[in-house]
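Pasting a structure below so you can have a look.
The values are calculated or read from the model by the stated rules, or taken from the named source; none is laboratory data. Computed from a prediction, not measured in an experiment: that's the story for all the values here. As a convention, Cβ positions derive from the backbone with ideal geometry for all residues, glycine included, and neighbour counts pool all protein chains shown.
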Amino acid sequence: MSVALHPTRTSPTFAWEITVRAAEVGEWRERVAVVVRGLGGDTEAVSVARLGTSELLTNVIRHVGDPWCRLEVVGWRREARVRVFDRGREVPAIAAPDEDAEGGRGLVLLRAMTDRLGYTRTPDGKWVWFEVPLTARGVRDVPGTPGSG
């Protein structure tokens, strides 16, 4: 396993090239959580980043024949983008699973919890990514509070 930190002038980028194993997914979730927190992420952003990291890495284990991948966290604007590159050619499918299915809900849940979720094909594989705001978008107007309509 090699770990590299790649800050840039425009956006801080944290990247790791890993051979992902089921027993290590929790460790990578926590590394991503530390980075998102360090970028200014609030509790919700950190929670979503943990869930999303687990989902993307678990999908590499389950659906790609090669366990090597590149995990990145990029801070930009007021968001964090978490993305995983793998050598798989099959693109992720986001579909509602049967009610009694034991799996298949991860990307559906992640899509509901993030601003954006997607994939980008490359000649050598694909990137699967999601973006999460670092902080809550603001407090909703509550009747009787200062500033409410």
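Quick check on my filter: what residues within the stretch 46-91 are among the hydrophobic types (A, V, I, L, M, F, W, C), under 17 Å from residue 24 (Cα atoms) and within 10 Å of the chain's Cα centre (by Cα)?
Scanning the stretch 46-91 gives 49, 51, 56, 57, 71, 84.
Determine whether the stretch 134-142 contains at least one residue that is touching a Phe, Trp or Tyr at 6+ places or on another chain (Cβ under 6 Å) and modelled with pLDDT under 85.
Scanning the stretch 134-142, I find no residue that is touching a Phe, Trp or Tyr at 6+ places or on another chain (Cβ under 6 Å) and modelled with pLDDT under 85, so the answer is no.
Return the only residue of 10, 43 being among the hydroxyl-bearing types (Ser, Thr, Tyr), modelled with pLDDT of 95 or more, out of contact with any helix residue (DSSP H, G or I) (no Cβ under 6 Å at 6 or more places or on another chain) and exposed (fewer than 14 other Cβ atoms within 10 Å of the Cβ).
When all the criteria are applied, what remains is 43.
Next question, about the same structure. Which of the following residues is at pLDDT below 95 and either crowded, with 17+ Cβ neighbours inside 10 Å or farther than 23 Å from residue 37 by Cβ (or both): 82, 128, 73?
128
Given the conditions (1) modelled with pLDDT of 90 or more; (2) among the acidic types (Asp, Glu); (3) surrounded by fewer than 19 Cβ atoms within 10 Å (Cβ to Cβ), and given that residue 100 satisfies all but one, which numbered condition is not satisfied?
(1)
Modelled with pLDDT of 85 or more, exposed (fewer than 15 other Cβ atoms within 10 Å of the Cβ) and under 21 Å from residue 17 (Cα atoms), is that true of residue 65?
Against the criterion (modelled with pLDDT of 85 or more, exposed (fewer than 15 other Cβ atoms within 10 Å of the Cβ) and under 21 Å from residue 17 (Cα atoms)), residue 65 qualifies.
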